[in-house]
1. Run the quick spin-label model on residue 59 and residue 298: label points 7 Å from Cα toward the beta carbon, then report their separation in nm to one decimal.
2. Convert each backbone phi in segment 431-440 into a coupling constant with the Karplus relation 6.51 cos²θ - 1.76 cosθ + 1.60 (shift: θ = phi - 60°), then list the ³J(HN,Hα) values in order as whole Hz, x for Gly and Pro.
3. Say each of residue 196 and residue 116 gets a label point 7 Å from the Cα, pointing the same way as Cα to Cβ; how far apart are those two points in nm?
4. By its C-alpha gyration tensor, with a ≥ b ≥ c as the square roots of the eigenvalues, how is segment 317-410 shaped: rounded for a/c under 1.5, else prolate for a/b larger than b/c, else oblate?
5. How do the peptides 536-549, 340-353 rank, highest first, by the average count of neighbouring beta carbon atoms within 10 Å per residue?
6. Student exercise: in the chain, how many lysine pairs 8 or more apart or on different chains have Cα atoms under 25 Å apart?
7. Which whole-angstrom value gives the distance between the alpha carbon centres of segment 202-267 and segment 487-543?
8. Which residues in segment 463-506 place their backbone N less than 20 Å from a point set 7 Å from the Cα of residue 527 along the Cα-to-Cβ direction?
Amino acid sequence: MMMFARNLPCFRPLLSGILAAGLYLPAANAASVDELTGRYLTQWSAFYPTRAFAEGSRDAAARFENYSVEHLAQWRELNRGIRDELEALPVPRNADARVDLQVLARQVERELALWRDDRPLQNRPAWYADQVTQALTYLLVSEGLSDAQKREAVLARLDGIRRLCEQGRRELVSGNRLRGESAIRSLDASAVFFREALPALLPPGDDATSRQALSDAARDTAEAVLALRRHIEHKVLPEAVDSPAMGEARYTQLLHRRSDGRLSPRTLADNALAEIELVRGLMVATARDWWRQDRGASAPVPADEALLARALSAMEDDRSDNPDAFLRQFSELTAAAERFVRRRQLATVPEPTTLYIASSPDHFAGAAVGGVYPAGPFAPQSNTLFYLPSIPGDASPGVAEGFYRSFNEHFNTMIISHEMFPGHYMQYKVAVTHAPAIRSIFADGAYVEGWGSFSEELMLEAGWGDNAPLTWLAHYRKRLENATRSYLSVMVHTRGWDAERVSSFAVERGLLAPQFAVNLWQRVVNSPMQLTDYFVGYHQFKQLWREQRALRGEDFDQRRLVDAILRAGPVPVPDLPPLLGANLIDQQ
């Protein structure tokens, strides 16, 4: 059993000393906390309009990020000023106010580190690709804009993309080779999308002139994206860093920042390796249950490795084989999961349900394989976008088979708990309605992915999936994958493991499904910190659950605890206990 330290995060030496001593300065006025966080969110929305629109700010629809030297200098100065205010602000006695200030402090430090240390404008081709790829994601499916407003906003953002691409050609000078190659693939897909697909996705204008303007802007944007792509290929990659590893010192620094000092690479790797051994044992035991159920109690049971291989193969055989059936299955599973949560009273499901489910847009190719894009606190009743993973229509039969074997019926039944009910969709839907906006906008990754992973277990233990052994096996395989990814994140970036060694470990020890094994190397290289959130957050929630059961004894009420956790919002899990009492009381 792994235990993660529960030290209170210290975002300032002064604050950490006060809290460690168990003392509080005179209580900060609640209004001052609200004013400070509100002021920061206003400035953040102005600096990051694409992200602000995704959080529900309609005013940001027709704006795009401006990373000019002057604008960036103002933004950095603003963050330094907020940091100084935080240092001078008395520590609130109120737990909610205290947590909000901690969230703000972490965000300020991330912003300062991003522009001071990472310098993405100069050093990160993939950062440009992400900006381009996500520029229109929410805008194109927005229901809050008229057709004319949407066209105007798209034209404005296309202009912003062209300016960003031009800036990239001036300023981008270095990067990592593997990440740069990934950025090139993403930019290629985006250029095709802008040139060929975008004009048809928007309603035609009232006259030929407006239609031509959109077509011209889309074509010019595609050309600008390709010009940036050529710059990366010919100017950046020849001088790019070949090693995908960031190095032990840098990895340790980032992990320390992400975990508020709770984790070192050694601790994370040791915990993950122990989890791998534990979960492999659980998978073998589950495979035995499946075998007896399928063949009868008297049937001879194969040796462990052979048994597990047969169970995994049987699990993957139950699958869709085309995009339409795949989309239909996820839509039906989503509705069934919502009914199940309501019927079993696992949590209070928010109403109305606001979901848009579709296959991933074409321009996500090379950058994303689907995911949940939640409604934000600026428009909490907007649709959450649930984009399903997809493969190109011209994919080879072998690639298509590997995809659908990975996303088999049992995996999909299990993962809907993670993604929808009571996982990401419900988690964000409740948070944006009940928790301060700053918590959802600057969500803690370990809370978000940990809750999704913990939700899988909550649902299965309640009988979701009819207690089918192969659905449990899918969950354990995902849990094994989470531990494997955390372990490999450490090994690649601190021990220099290469792609071949990663693939070998992932398949032989991590038992990854075909599609996930193919994608793993890119994810370990490109998102090493985010990959740890699933494993770390899951165990933080397991620990929290044990503590709350012990604390409340016979008064333990699962539904009320789930509601309280979600109402508190996605803050670091170790910061949750002081917030749970008030939310539990509020529901009585």
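Read the figures in this text as sums done on the coordinates, not as results from a lab. If you're wondering where the values come from, they're calculated on a predicted model, not measured in any experiment. Virtual Cβ from ideal backbone geometry, glycine too; neighbours counted across all protein chains shown.
1. The answer from the label model is 7.7 nm.
2. Once rounded to whole Hz, the list reads 4, 5, 8, 10, 9, x, 4, 4, 6, 6.
3. Result for the modelled spin labels: 4.6 nm.
4. Numbers: a/c = 3.12, a/b = 1.50, b/c = 2.08.
Oblate, because a/c is 1.5 or more while a/b does not exceed b/c.
5. Numbers: 536-549: 20.1, 340-353: 15.8.
Ranking the peptides 536-549, 340-353 by packing returns 536-549, 340-353.
6. Details: 150/429; 429/478; 429/542; 478/542.
The result is 4.
7. Going from one Cα centre to the other spans 22 Å.
8. Only 475-494, 499, 502-503, 506 fall inside the zone, counting backbone N under 20 Å.
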